[in-house]
Amino acid sequence: MTAAANDARAEARLGVVVKGPRVNPAYVERTQACLAKVLDGNMAYPGRVLEEIEKSDVASLRKFARKNDVHTVMLVELMPGQGYEKTVLVQRIGLEGGDEATLSTLVDGKFGDTCDWAFILMVRHMVDHMSETAKQAMQIGDGLRDQGLVDEAIARYQQAANIDLNSARPYMRISDIYRGRGEIQTAMEWAQKSLELNPRDPDPYLAVGEMAMQADRRETAMDYYQHAISIGLRIPVLYETLGRLQVWSRMDAIGAQNLKDALALNPYNYNVYPPLIDALEREEHYNEAVDYLLEYNKTYPSKEAEYRVVSLLERAEEYERAIPTLTKMVADEPGKMELREKLAHAQEMSGRLDDALQTYAAILQADPMHVDANRGAGRISYRRKQYANAIVYLQTARANDPYDSEAIRLEGTARELTGDIDGALENYADALMRDKQVQAINVRRFLILAKKHDRLTYAINLVQSALDYKQLPARRTLVMALGQHLVNEGATDDAIMLYEAALPRLGDFAPPSLALGELYLKKGDIRQADENFRRAILLTGDARSPYFAGLKFKDLGRYEDARFYLRLAWGRDDSNPAVMIALAETLFWTGEFGDLAFLFAQGEKLSVTPAQEEMLTFMRIVWGCKDGQEAYARQLWGYWQPRLEERGGGSLDLSDWEPWIANNFAGNQLAFIQSVAKEFSAKASGAPKG
């Protein structure tokens, strides 16, 4: 049979209304019209309703299926209150799959109370023309199969295949038998023969895919579904099944797209929504996930869906959009304080402060000691500069949660702004003594406030005394906050004494050693700086400590020392473009041009920002001129110059390069490099170096 013939028979489809126990005969005509709509449009199955089966049982259904070469059952519900325009594809099952209980349930119409009636949509194989002799062999095979004589039936189907060499139907009959017997591999081989004869029939693709899944061959199943789609079979169930498998395999992006395509072909298949929403959520497309979830919730409303909508919108920080759903949820469950709290928070984050304060007040009316509501009301009062009200709310919050860091900070600041300095200091000091975690921001506020009002010695002594009883994480926070404060105040020696004394009590913690290295470097004590940097590097396995040390030496112009640390950082993390750029600069300034070629080759594999890309390109141009490859350098500049013009110039700060360029180039080369540097630094006012 020709390909054109195959394409022609691909259009043949069959729809059948099967009466269930709740079918109203008066609506049969409307049912048929809806089914025709699904066939002709939404499910992309051309065809019309040909016959209605009066008797709804498995035997008559199978008899009709054999007569019309039906292979697949699709259960569809008509939704009440929707004008019977909306339908829901509930389940798809092969007639020869052996799942008698499921098939009987479908035929008997026992599928819940969500619809007024249901019908079964029958989808048959592609119609191919068989000779009368082949048809007789098929009918004899069907009779033998009904008697349980499957081996004899297979022989008859093979006879039909030998008579009509281009007919695919006998092969699918044989495949169905082997599948029913659990011989999945053999069943797949026979289905494959059917596909070879009629590659545009979607049913064998679906059957082979299902069998591959039974054999735990997920990738094989996806390959078959993908191939069916690639040859232009726009069948919703193909997209749906492929999308489900991809989502199941955590191929969420492509799986979501196939599920969207399935919905585009049949907008009323609500089974597609749950896996699509899951995939979009994992891809962090929260707003889009909410769009589908809200649509799904119109047909299948549930509290779980509403809670999920709120959760997704909170993660997307789309608080304004969450307010209508939260308002409805509060109205449905007025006694649930956590819903009111979420509503108040969404209103506050959306700038609806009056609404938020009113919602917090409603919570406090039911529970005056509610911590989150008091904190929220205090926060709004603080934003409105109603500091006296804020202090009252925040005091109540702290009375029930002494470790509430936000309440501590806001109350302390509110007291300071109202002139109650002693109260503010007492507030921070009390928090410092109580708080197991210790927030660095509160320690810094405490020290700044104490210095401002000549109480710094008291504050420092208090912080140091807290080191005696605080747990390790809190001790680390206290030391780093106090040390940074001393550095900011210019008390470098005091900061060094603090860090040195605290080191034995902080465990394997690198930041104090890094801070000491930087402080000793500023004092010009290179030996002590190097010793502390090396100690920090031994405490960590990543590139951050050597990179930090390398930058500090580089900023002081000690390029040999910087090169040592930056090489170590690159050895620990050769995927970090910032490390590579810093190392490349030191190699330029120490004259190690041979290593640059290797470094740039590795750097081509990195993902870089536009500014990093500019820096790497500039260095390649300079390196080309220095390495005797001026033609390459000028060619690279010829490619990059228009790009910089489109950007309005480069954004690099190349001031550190100017002396080096002047000392290493002359004549035309010097003029060329200086012009290139000028273009790359055209927008560099205040820009960071490199």
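D by Stokes-Einstein for the range 555-680, Kirkwood Rh over Cα pairs, 25 °C, 0.890 mPa s: 164 µm²/s. Per atom type, the range 569-690 shows carbon and sulfur on 48% of its accessible surface, probed at 1.4 Å. Accessible surface computed residue by residue for the range 390-531, with neighbouring protein chains in place and a 1.4 Å probe, gives 47 Å² per residue. Measuring how big the range 244-302 is from its alpha-carbon positions, Rg and Dmax come out at 10.6, 29 Å. For residue 653, nonlocal amide neighbours, meaning residues 5 or more places apart or on other chains whose placed amide H falls under 5 Å from its own, are 690. Within the range 362-509, the ratio Rg/Rh, alpha carbon atoms throughout and Rh by Kirkwood, equals 1.03. Using a probe of 1.4 Å, the accessible surface attributed to residue 179 totals some 40 Å² when neighbouring protein chains are kept in position.
Calculated on the alpha-carbon coordinates, the convex hull of the range 540-620 measures out at 84 cubic angstrom per residue. Subtracting the Cα-Cα distance of residue 271 and residue 670 from 0.36 nm times their residue separation leaves 136.7 nm of extension gain.
Between residue 629 and residue 574, the FRET efficiency from the beta-carbon distance, with R0 = 41 Å, is close to 0.95.
The 3J(HN,Hα) values that the Karplus relation (6.51, -1.76, 1.60; θ = phi - 60°) gives for the range 488-504 are, in residue order, 4, 7, x, 8, 4, 5, 5, 5, 4, 4, 4, 5, 4, 5, 7, 3, x Hz. Gly and Pro appear as x. The simple Förster model, with R0 at 60 Å and r as the Cβ-Cβ distance, assigns residue 639 and residue 461 a FRET efficiency of 0.40. Rounded to the nearest 10 square angstrom, residue 683 shows an accessible area of 100 square angstrom against a 1.4 Å probe. The packing ranking of peptides 514-526, 161-173, highest mean first, is 161-173, 514-526, where packing means the average number of other beta carbon atoms within 10 angstrom of each residue. Average projection, convex hull of the Cα set of the range 180-332: 10.2 square nanometres.
Summary of packing: across the peptides 320-327, 380-387, the per-residue average of other C-beta atoms within 10 Å ranks them, highest first, as 320-327, 380-387. Taking amide H as placed 1.01 Å from N in the peptide plane, residue 166 has no amide H partner under 5 Å among residues 5 or more places away or on another chain. Taking only protein heavy atoms and a 1.4 Å probe, the accessible area of the range 503-542 is 52% carbon and sulfur. Across the range 587-593, coupling constants 3J(HN,Hα) worked out from phi with the 6.51/-1.76/1.60 Karplus curve, θ = phi - 60°, read 5, 4, 7, 9, x, 9, 6 Hz, and Gly and Pro carry x.
Residue 676 contributes about 0 Å² of solvent-accessible surface, heavy atoms of the protein only, 1.4 Å probe. Straight-line cross-link reach from residue 342 at under 17 Å between alpha-carbon atoms covers these aspartates and glutamates, not counting any fewer than eight positions away in the same chain: 304, 306, 314, 317, 318, 320, 332, 333, 354, 355, 367, 372.
Along the range 280-286 the Karplus relation, 6.51 cos²θ - 1.76 cosθ + 1.60 evaluated at θ = phi - 60°, assigns HN-Hα couplings of 5, 5, 5, 7, 6, 8, 5 Hz to successive residues, with x for each Gly and Pro. Taking N as the number of residues in the range 267-358, what is its Cα Rg relative to 2.2 N^0.38 Å? Here the Cα radius of gyration is 1.12 times the empirical estimate. Using a 1.4 Å probe on the protein chains only, how many percent of the accessible area of the range 216-308 belongs to carbon and sulfur? After summing per-atom areas, the C and S share lands at 50 percent. Taking every C-alpha pair closer than 8 Å and separated by at least 6 residues, the mean separation divided by the residue count of the range 178-325 gives a relative contact order of 13 percent. Rolling a 1.4 angstrom probe over the protein heavy atoms with all chains in place gives the range 199-307 an accessible area of 41 Å² per residue.
As a rough guide to protection, the peptides 218-228, 596-606 ranked by mean Cβ packing within 10 Å, highest first, stand as 218-228, 596-606. Relative to the 2.2 N^0.38 Å rule of thumb, the range 164-214 has a C-alpha radius of gyration ratio of 1.01. With R₀ set to 60 Å, the beta-carbon distance separating residue 422 from residue 248 gives a calculated FRET efficiency near 0.40. Below 17 Å, Cα to Cα, which aspartates and glutamates can residue 451 reach? Residues fewer than 8 away in the same chain don't count. Within the straight-line cut-off, residue 451 pairs with 416, 420, 422, 426, 489, 494. Measuring between alpha carbons in the structure, the pairs from 605/626; 522/678; 523/683; 452/554; 135/193; 626/678 lying more than 26 angstrom apart are 522/678; 523/683; 452/554.
With a simple spin-label model that places each label point 7 Å from the Cα along the Cα-to-Cβ direction, the separation between residue 264 and residue 611 comes to 4.0 nm.
The values are calculated or read from the model by the stated rules, or taken from the named source; none is laboratory data. Given the structure is predicted, the values throughout are model-derived calculations rather than measurements. Ideal geometry is used to build each Cβ from the backbone, glycine not excepted, and the neighbour counts take in all protein chains shown. Note: accessible area is taken over every heavy atom of the protein model, side chains too, but ligands, DNA and RNA are not part of it. Shrake-Rupley method; radii C 1.70, N 1.55, O 1.52, S 1.80 Å.
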